[in-house]
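Participant: Structure provided below as structure tokens; questions to follow.
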Amino acid sequence: MRDSRTASRKIALCAMLMALAMIFSYVEVLIPINLGVPGIKLGIANLVVVVGLFFFPAGEVLMISVARILLMGYLFGNGMSILYSLAGGLLSFLVMFLLKHIKGFSITGVSIAGGVTHNVAQICVAALVVQNRKLFYYLPALLVAGVITGMLIGILSDRILSAVKREGRKSSSR
Amino acid sequence: MKKKDLILAGAVLLLAGILALALRLPKTENGNTMKVTVDGEVYGTYSLAENQTVKIQTGHGTNVLVIENGSVHMEEADCPDGYCKRQGTISRVNETIVCLPHKLVAEVESDGSTTDDADDAPDVIVK
């Protein structure tokens, strides 16, 4: 009885977070960022992954992230856009997961690393797709963009994290 | 934010700065040809000296590049995102316009004799 309740709870929570991540990536199109390189996004959906890493088992967060990418890809994108997102999503997840376990980094640092590696993965895929190394001329701009967007998402994540922890303490003391 | 976070951010920014210098510094002069590659294979090379419209039709779709006064921009493209049209104009060596959906890259190159040299050459020699 107890086990099935926690299982349903987990499924509901994962589904809710995935829906949230999908809404975030949908809303993102409304916020254009111009840094001289087209296609730079804030990565709001990464909020869910970053905050999630500090609350849930890594496997569940990875599942939420991959499911979001696939669903958004099939709904609004195409095969290629899924490939780009998946490369960025998987590499940044791996790096964020590792960094989280290294002492001394806060959630903001984890998010910065995620933003940067996401962009690096995407430029690598893009260079492979068009078979042209000249694409790496965009790398400096993409590194800077990754730091900026990662930091913004990180600061937001930090606020969410402390708010959720505060609520958690309140409800557990009740 | 912790100290290590800032070190990480600083290190990445430093790396970006070094890369930017290393990539841009060696060649910043204006180029004189535009090379178009599709799927990694050369589609054509066009002179920047003359104003022209280059239409590229491949299995991926159609792109129209315009060469005007020694610089190149993407005038039209039927790709889904249209990012290539927003990449502005390029004229310096190694600058690129990329259309990812069509796997097309337009890059500015120099074949040795720069356009500046051509400008310096006298039109008429009067004795």
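The values are calculated or read from the model by the stated rules, or taken from the named source; none is laboratory data. Just so we're clear, the structure is a prediction, and the values are computed from it rather than from any experiment. So basically every Cβ, Gly included, is an ideal-geometry build from the backbone, and we count neighbours across all protein chains shown. Side chains are part of the model used for accessible areas, which takes the heavy atoms of the whole protein and leaves out ligands, DNA and RNA. Shrake-Rupley method; radii C 1.70, N 1.55, O 1.52, S 1.80 Å.
Participant: Would you grab the residues whose amide H sits under 5 Å from the one on A:Gly43? Only those 5+ places off in sequence or on another chain, please, with H modelled 1.01 Å from N.
Facilitator: none
Participant: Using a 1.4 Å probe and ignoring any ligands, DNA or RNA, find the accessible area of B:Arg92 and quote it in Å² to the nearest 10.
Facilitator: 110 Å²
Participant: A further question on this structure: Let me check I have the definition right: for the range A:5-73, take the eigenvalues of the Cα gyration tensor, multiply each by 5, take square roots. What are those semi-axes in whole Å, largest first?
Facilitator: 26, 12, 9
Participant: Further, regarding this structure: Per residue of B:11-24, what is the mean number of Cβ atoms on other protein chains within 10 angstrom of that residue's Cβ?
Facilitator: 4
Participant: Which whole-number percentage describes the relative contact order of chain B, with Cα contacts under 8 Å and a sequence gap of 6 or more?
Facilitator: Taking the mean separation of contacting Cα pairs over the length of chain B, I get 23 percent.
Participant: Per residue of B:41-49, count partner chain C-beta atoms within 10 Å of its C-beta, then hand back the mean as an integer.
Facilitator: 0
Participant: Can you tell me the Rg and the Dmax, both Å, for the Cα atoms in the range A:1-160?
Facilitator: Radius of gyration, then largest Cα-Cα span, for the range A:1-160: 16.0, 59 Å.
Participant: Considering only protein heavy atoms and a probe of 1.4 Å, how much of the accessible area of the range A:36-115 is carbon and sulfur, as a whole percent?
Facilitator: So the carbon and sulfur contribution to the accessible surface is 74 percent.
Participant: Suppose the chain between B:Thr58 and B:Lys4 were pulled fully straight at 0.36 nm per residue; how much longer would it get relative to their current alpha carbon spacing?
Facilitator: Full extension from B:Thr58 to B:Lys4 adds 14.5 nm.
Participant: By residue number, which cysteines of chain B lack any other Cys whose Cβ falls under 4.7 Å from their Cβ?
Facilitator: When partners are defined as cysteine Cβ atoms under 4.7 Å apart, chain B leaves B:Cys79 without one.
Participant: In debye, nearest 20: dipole of the protein assembly as shown around its Cα centre with unit charges on the Cβ of K, R (+) and D, E (-)?
Facilitator: Computed charge dipole of the protein assembly as shown: roughly 2680 debye.
Participant: Taking only complete DSSP H runs, can you tell me which helices of chain A stretch 15 Å or more along their own long axis by Cα positions and average at least 0.0 on the Kyte-Doolittle scale?
Facilitator: Flagged H segments are A:2-27, A:58-76, A:79-100, A:107-130, A:139-173.
Participant: The protein assembly as shown: D in µm²/s via Stokes-Einstein (Kirkwood Rh, Cα pairs, 10 °C, 1.306 mPa s)?
Facilitator: It comes out at roughly 74 µm²/s.
Participant: Note down the accessible area of B:Asp111, probe 1.4 Å, to the nearest 10 Å².
Facilitator: Spelled out: B:Asp111, probe radius 1.4 Å, area about 100 Å².
Participant: Let me ask another. For chain B, which whole percent of the accessible surface, found with a 1.4 angstrom probe, sits on carbon and sulfur atoms?
Facilitator: Taking all protein chains in place, chain B shows 51 percent carbon and sulfur surface.
Participant: Hey, another quick one. Would you mind getting the accessible area per residue of the protein assembly as shown, heavy atoms of the protein chains only, 1.4 Å probe, in Å²?
Facilitator: 56 Å²
Participant: Is the shape of chain B best called rounded, prolate or oblate, per the rule: a/c under 1.5 gives rounded, else a/b larger than b/c gives prolate, else oblate, with a ≥ b ≥ c the square roots of the Cα gyration tensor eigenvalues?
Facilitator: oblate
Participant: Probe 1.4 Å, all protein chains in place: accessible area of A:Leu98 in Å², nearest 10?
Facilitator: So the heavy atoms of A:Leu98 present about 100 Å² to solvent.
Participant: Shifting gears a bit: Can you give the angle from 0 to 90° between the axis of helix B:3-24 and the longest principal axis of chain B, with both taken from C-alpha atoms, to the nearest 10?
Facilitator: 10 degrees
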